[in-house]
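Asker: Okay, handing you the structure first.
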Amino acid sequence: MTVAEVHGRRERPGKAAILRAAIEVMGEDGYEGASMRDMAARAGVSVAALYYHFPSKLDLLREFLDEAYDVTLARIDRRLAAADPTPTARLDEVVGTLIASHLHDEFAQLASTVAFREYTRLNPPERKAIDKKRRQLLQLVEDIVSAGVASGEFSTGHPREAARAVIILSTSLVEPYAEMRMPMRGVITLYQGFARGIAGA
């Protein structure tokens, strides 16, 4: 076999690429409208290959949500490690990271739509595992808000609900984003201000 033949071969999509293609279809067509056949076609694999990796659409959705929360939490941890230690700076970092994670490209926006719209389809055991990660994010933001209250930077009397509101605010912008007519950096700056206000800055 020649070098040209090796380089000319088309690599088979891996599991991550198949998952990405499937989420694109689900984001465009909705959970009910997205067929395993359409997902396989988008990924460039056979339906059998898709079922090999994901026995059902629900398994696919569960794995996507599980991975999405892991990636987001790890990204926030990295950004916070490099951020100014003040509660205000840390809250800004979380808001900026969440918004960028949901809006930075077309796939991120489709994935955000799937996560927001289809989460409740999970069965109780699978939902429990995702809920644990959702609570982890909520606790992280609550701790930042509480630290800000203790330092006098924030004044809210309800740190947990302030944290919940900040997360909802920062993860629900996909639909209105196109109407905002401003760059993502501008959206982040605007919503960081809103988040500070929620915290009572």
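Asker: If the requirement is being within 22 Å of Tyr177 (Cβ to Cβ), in contact with a Leu (Cβ under 9 Å, 6 or more places away or on another chain) and of a type in the set (A, V, I, L, M, F, W, C), which of these qualifies: Ile18, Ile23? Spell out the reasoning first.
Answerer: Numbers: Ile18 fails: within 22 Å of Tyr177 (Cβ to Cβ).
On inspection, the qualifying residue turns out to be Ile23.
Asker: Of these, Ser172, Ser146, which one is touching a Pro at 6+ places or on another chain (Cβ under 7 Å) and either small (Gly, Ala, Ser) or at pLDDT below 95 (or both)?
Answerer: Testing whether each residue is touching a Pro at 6+ places or on another chain (Cβ under 7 Å) and either small (Gly, Ala, Ser) or at pLDDT below 95 (or both) leaves just Ser146.
Asker: Every residue in the stretch 147-199 that is open to solvent by 80 Å² or more (accessible area, probe 1.4 Å), within 19 Å of Arg135 (Cβ to Cβ) and not in a helix (DSSP H, G or I), please.
Answerer: His158
Asker: Scan the stretch 77-87 and give yes if some residue there is touching a residue at least 40 places away in the same chain (Cβ under 8 Å), open to solvent by less than 50 Å² (accessible area, probe 1.4 Å) and among the β-branched types (Val, Ile, Thr), otherwise no.
Answerer: no
Asker: Hey, among the residues in the stretch 120-146 that are touching a residue at least 12 places away in the same chain (Cβ under 8 Å), charged (D, E, K, R) and out of contact with any Phe, Trp or Tyr (no Cβ under 9 Å at 6 or more places or on another chain), which one's most open to solvent (accessible area, probe 1.4 Å)?
Answerer: Glu126
Asker: Only residues that are over 17 Å from the mean Cα position of the chain (by Cα) and either outside any helix (DSSP H, G or I) or aromatic (Phe, Trp, Tyr) (or both): list them for the stretch 62-92, please.
Answerer: Result: Ala83, Asp84, Pro85, Thr86.
The values are calculated or read from the model by the stated rules, or taken from the named source; none is laboratory data. The shown structure was predicted, so the numbers you read here are calculated from the model rather than taken from an experiment. As a convention, Cβ positions derive from the backbone with ideal geometry for all residues, glycine included, and neighbour counts pool all protein chains shown. We work out accessible area using only protein heavy atoms, side chains counted, and drop any ligands, DNA or RNA first. Shrake-Rupley method; radii C 1.70, N 1.55, O 1.52, S 1.80 Å.
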